[in-house]
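**Q** One structure is given below, represented as structure tokens, and several questions about it will come after.
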Amino acid sequence: MTKIIEIKDKVFRFCAEYDSYLKYLYKFLAAFVLFNVINGSIGFMEKISTMPIALLLALICCLLPQSVTILAAGLLVLLNLYALSLEVALVAFLIFVLLFLLYFRFAPQDGMLFILTPIFFKLGIPYILPIGTGLLRKAYSVTAVICGTVAFYFVDGIHQNITTLGDAVAGGDGGTNVKITVTIGQLLGNKEMFLAVGIFALSAIMVSIIRKLSVDNAWKIAIISGVLVQISGLFAGYLLFNMSDKTAGMIIGNVIAMVLGFVIEFLFMDLDYERTERVQFEDDDYYYFVKAVPKKMVTSTEKTVKHFGPSFMEKRNERKKEEIKADSKKLIAEELDIDEDLLD
């Protein structure tokens, strides 16, 4: 365990030293993966749904605020949907405007959560996002996760209903109502999306409240509580909506989320509860009860250098003796006016 803590400290020092470079790297990777997720789901406009375009956009976005990445992703979605149908693109535009207003109103500093949500949904482990949000951010930061969840389900719904939309597009002007109805209906009628939004919000709020409690292992209790809320809530919802086929993946994803939650705790709140101290003091107006829990730290080991043979000090003393002897011979030879070599 001590070795792991030493590695963690080295990683933290490395990240602190190269923070200015690493932040560009992770912003680039997140944007690049997000753009490829979009292209893989609704790549209807072939000219922009390519790897070089995604790479170029990611390089530009990594130099700019995270909100620019979100706007670029929204624009990429709209262009792809425009290639499919103008009506679908207009409906998507209105939905994205509402999402962006909600995001910029409540969680403008949590753009990375918005970006990571569709990516983690694709990986099958979106359940870590409410847990991580509750542990590391304010409870209202879950708004960014909710916006990312709605955006993912909207794009995924278009992908799943592409056959119906394609038939409506082929039908010409008569298919306009069908395209609008299908686009709106696949979102508003998506019970799984509303279930996920509600459970994620509840989980993040519960984790945020519990991890602030003054009890031992509060973060562990918060992580387990959040996971249990997600498993029980989603399991009940899946049974109610006849989606029992998704329960296995949901449980596995939550187990992975719990493990990742413990990793987050180890990185940011690894406390040594065995050395807990309680202090009491008072002033003119209040009496204070303070509980101090130290972090697990590893003292840096001192390196000792062993010398084999004569020590450094002995060698230096010998050199000084030789210098003094030489100076004395020179001084005596000058006083007697004789050759210095005769004194050997």
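The values are calculated or read from the model by the stated rules, or taken from the named source; none is laboratory data. As the structure is a prediction and not an experimental result, all values here were calculated from the model. When we count neighbours, we look across all protein chains shown, and the Cβ atoms used for this are built from the backbone with ideal geometry, even at glycine. Surface areas here come from the heavy atoms of the whole protein model, side chains and all, with no ligands, DNA or RNA. Shrake-Rupley method; radii C 1.70, N 1.55, O 1.52, S 1.80 Å.
**Q** Across every pair of different alpha-carbon atoms, what Kirkwood hydrodynamic radius in Å does the range 140-217 reach?
**A** 14.8 Å
**Q** How long is the gain from residue 53 to residue 279 if the chain were fully straight, where each residue apart is worth 0.36 nm and the alpha carbon distance is subtracted?
**A** Result: 75.4 nm gained on full extension.
**Q** For the range 144-268, what is the per residue volume of the convex hull drawn over the alpha-carbon atoms, in cubic angstrom?
**A** Considering the Cα atoms of the range 144-268, their hull volume per residue is 116 Å³.
**Q** I've got another one for you. Any idea how far the Cα center of the range 1-73 sits from the one of the range 175-231, in Å?
**A** Their Cα centres are 25 Å away from one another.
**Q** With every protein chain kept in place and ligands, DNA and RNA left out, what is the accessible area per residue of the range 187-275? Probe 1.4 Å, answer in Å².
**A** Counting only protein heavy atoms, the per-residue value for the range 187-275 is 51 Å².
**Q** With equal scatterers on the alpha carbons only and no solvent term, can you work out the Debye log10 of I(q)/I(0) for the range 240-293 at 0.15, 0.31 1/Å?
**A** The calculated log intensity ratios at q = 0.15, 0.31 Å⁻¹ are -0.68, -1.09.
**Q** Then there's this: Hey, any idea what % of the range 173-302's accessible area is carbon plus sulfur with a 1.4 Å probe?
**A** Exposed carbon and sulfur together represent 63 percent of the surface.
**Q** Right, another one. Could you work out the per residue convex hull volume over the alpha carbons of the range 1-123, in cubic angstrom? Mind showing how you got there, number by number?
**A** Details: hull volume 15.5 nm³, N = 123.
Per-residue hull volume (Cα only) is 126 Å³.
**Q** Follow-up question, since we're still on this one. First compute the accessible area of the range 68-107 with a 1.4 Å probe, then give the percent of it belonging to carbon and sulfur atoms.
**A** The C+S portion of the solvent-accessible surface of the range 68-107 is 83 percent.
**Q** Tell me the Kirkwood radius of the range 27-89: reciprocal of the mean inverse pair distance over distinct alpha-carbon atoms, in Å.
**A** For the range 27-89, inverting the mean 1/r across all distinct Cα pairs yields 11.5 Å.
**Q** Kindly rank 42-49, 65-72, 289-296 from highest to lowest mean number of other beta carbons found within 10 Å of each residue.
**A** 65-72, 42-49, 289-296
**Q** Please compute the modelled spin-label separation between residue 138 and residue 178, points set 7 Å along Cα→Cβ, answer in nm with one decimal.
**A** If labels sit at residue 178 and residue 138, their model points lie 4.8 nm apart.
**Q** Search the structure for amide H atoms under 5 Å from the amide H of residue 271, placed 1.01 Å from N in the peptide plane, and list their residues when 5 or more places away or on another chain.
**A** So residue 271 has HN proximity to 296.
**Q** Could you report the accessible area of residue 12 in Å², rounded to 10, computed with a 1.4 Å probe on the protein chains as they sit in the structure?
**A** Approximately 90 Å² for this residue.
**Q** Continuing with this model, one more query. Taking 30 Å as R0, compute the FRET efficiency from the Cβ-Cβ separation of residue 104 and residue 159 and round it to 0.05.
**A** 0.65
**Q** Provide, in order from the shortest bin, the percent of all Cα-Cα pairs of the range 98-165 in each 10 Å bin, continuing until the bin that contains the maximum pair distance.
**A** Whole-percent P(r) values from 0 Å outward: 22, 49, 22, 6, 0.
**Q** So, with a 1.4 angstrom probe, what is the percent of accessible area on the range 121-167 that is carbon and sulfur?
**A** Taking all protein chains in place, the range 121-167 shows 55 percent carbon and sulfur surface.
**Q** Now, a different point. Send over the Kirkwood Rh of the range 2-56, from the inverse of the averaged 1/r over different Cα pairs, rounded to one decimal Å.
**A** 13.5 Å
**Q** From the protein chains alone at 1.4 Å, what is the descending order of accessible area for 278, 13, 137, 211, largest first?
**A** 278, 13, 137, 211
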